[in-house]
Amino acid sequence: MGTGSSKTPKNSRQSETPGGKLRVSPLISSSDSYSYPTVVVGGADSETGEATQVNNKEAHTTMAAISNVQKTKDQLLKGVSILKETLDSEDDLPHVFVIFGASGDLAKKKIYPTLWWLFKDGLVPKQTYFVGYARSDLSVEAVREKCTQYMKLQDDEKDKYEEFWKVNYYVRGTYTERTDFEHLNQEINTLPKGDLAHRLFYLALPPWVFKDVSSNIRLCCMGHEGWSRIIVEKPFGRDLQSSSDLSQHLSKLFREDQIYRIDHYLGKEMVQNLMVLRFGNKMFSPLWNRDHVQCVVITFKEPFGTMGRGGYFDESGIIRDVMQNHLMQILSLVAMEKPASTSAEDIRDEKVKVLKCMPPIELGNVVVGQYTGDPEGEGDAKFGYLDDKTVPKGSVTPTFATAVAMVKTERWDGVPFIMKCGKALNERKAEVRIQFKDVPGDIFGGQCKRNELVIRVQPHEAVYCKMMVKAPGMNINPEESELDLSYGARYKGVKMPDAYERLILDVFCGAQLHFVRSDELAEAWRIFTPLLHKLEGDKIKPVPYKYGSRGPQESDDLAKKFGFIFSSTYKWTKPQL
């Protein structure tokens, strides 16, 4: 098992892989421990403004706002302190976090940076060791070089950064050979109390090796005394049948409480906020139903295409990549009934009930698109999806999709849930937009626009409500404005954890609330599988749309058909304080 140094360190142990390659690892005593600093929640403001004079009333308001933010920071610090105590008080067994696919993009861009952020903030248990595993002939030093640009390293964190890499190891091996996994287990056992340690296995791997890797983990690498947990990255299959096969395979090897199917959207601040927003505010309860809501629009937009990775994307397409998982998770949180408690099983039970009330999506309620190059664009914008040499010639894989789903419950019957996602669009945005019905008995001559409650997931997390107010002046003409809670303004200086930070911390703590259960997964695939088979079986050609546009016009026409009114008279602007 290799560490970051290419030379044999003074205190080290050596081992050989089954293939005879020498591995060098630091010898770390079981008494070694690190002093974790108190987490500092907050940081420098990203924006500065000119100083202005304020009167006493404004000063009082400003001080009150500062006081509220300080209370929020104090509450966060208290919560972090409780988490640390929970992690460190579980028992005295060490933890071993194994990253399968340690040489890949997901590992270097997300998993290793997340582990570093948790480590530096003291949010992993003491005596936690990280073991990278992949087929590539690498060392810890090589992994470190790949990851450093994504670590967001500060100047005063360099000593801590060195400590982090001292507890990192690397093992080379295949994903199919049992002997390689036996060797991995031997290397884990050579760590202090490694044979007794709690073990976490992160499968940052393509889905076609899930079965081999999970089988070999079960046969060779499970903990003897501590618990073992396995984290599986999407996609969880390609359709209902393949997903069911994978779920049945995993269920034969692990209990459901050992399996963590990760959908990073469930770790987003504003997605998690949906629960509190819905069930912690009385004013929304009487409005959250078919009597008042015209439609719900769930949007995911990216301003870049697939250039360079189109071959990988082509195997899944935008529906499998985004809609069937990310957007369906958000839909179920918006539509579900109040759970009996905030426990993981009670909440996931309610989400599954929503999905069971949804019929499969019909082809007539779907628009699929594929982006083309913009001759007047710059850089990658000049190139369409089919211009990517890694994409099969003549591919009909959609890079954009709008689908209308219906939830056949007493609360939502007749209300369309419009899901829209795409690449190479005009902006980066993910949001939930609840559009309410028109005010009956209009006395303002059609000047009033529909109210909307918008939960902006990214960027610039916010909750705002579009409403009509009187325009300033001598008349009583209405105009659109908003009640706005922008997190960057209201919680200025408060650090928002990354989604992967929340989710990996949840795995350490054994909390499954923000992970996908097997029956939930099966229902989501039931809803989308007939559509996917129809699109691919009939090779339905997607509608072309220009790189940097809002998407196909047919998408807007479909939303309009189901009662959504797009108003170009209003645009939310990020507050400047």
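General remarks:
- Taken together, the residues in region 97-136 that are part of a helix (DSSP H, G or I) and either over 22 Å from G510 (Cα atoms) or under 19 Å from the mean Cα position of the chain (by Cα) (or both) amount to 14.
- Some residue of region 299-321 being assigned to a strand (DSSP E or B), open to solvent by less than 20 Å² (accessible area, probe 1.4 Å) and over 29 Å from Q435 (Cα atoms): no
- Only one of the listed residues (V143, V171, V167) is buried (at least 19 other Cβ atoms within 10 Å of the Cβ) and under 15 Å from L118 (Cα atoms). That residue is V167.
- Counting the residues of region 186-203 that are of a type outside the set (D, E, K, R), in contact with a helix residue (DSSP H, G or I) (Cβ under 9 Å, 6 or more places away or on another chain) and either open to solvent by less than 20 Å² (accessible area, probe 1.4 Å) or part of a strand (DSSP E or B) (or both) gives 8.
- Taken over region 119-138, residues that are open to solvent by less than 40 Å² (accessible area, probe 1.4 Å), more than 15 Å from H183 (Cβ to Cβ) and of a type in the set (G, A, S) amount to 1.
- Output for region 428-456, where each listed residue is in contact with a strand residue (DSSP E or B) (Cβ under 6 Å, 6 or more places away or on another chain) and either assigned to a loop (DSSP other than H, G, I, E, B) or on the phi > 0 side of the Ramachandran plot (or both): K437, F444, Q447, C448, K449, R450, N451
- Lone qualifier among V276, V354, V271 - being open to solvent by 30 Å² or more (accessible area, probe 1.4 Å), under 30 Å from C509 (Cβ atoms) and either of a type outside the set (K, R) or in a helix (DSSP H, G or I) (or both): V276
- Counted residues, region 357-381 - those being touching a residue at least 60 places away in the same chain (Cβ under 8 Å) and either under 18 Å from A524 (Cβ atoms) or not in a loop (DSSP other than H, G, I, E, B) (or both): 16
- Among residues of region 401-413 that are closer than 21 Å to M323 by Cα and free of Cβ contacts under 8 Å to residues at least 60 places away in the same chain, those with a Cβ under 7 angstrom from a residue that is surrounded by fewer than 18 Cβ atoms within 10 Å (Cβ to Cβ) and not small (G, A, S), sequence gap 6+ or separate chain, pair up as M406/P359; K408/C357; K408/P359.
- Selection from region 204-230 of residues that are in a loop (DSSP other than H, G, I, E, B) and under 21 Å from R135 (Cβ atoms): A204, L205, P206, C221
The values are calculated or read from the model by the stated rules, or taken from the named source; none is laboratory data. Note that the coordinates shown come from a computational prediction; the quantities given were computed from them, not determined experimentally. Note that each Cβ is placed from the backbone with ideal geometry, even for glycine, and that neighbours are counted across all protein chains shown. Remember, those area values only see protein heavy atoms, side chains included, never the ligands or the DNA or RNA. Shrake-Rupley method; radii C 1.70, N 1.55, O 1.52, S 1.80 Å.
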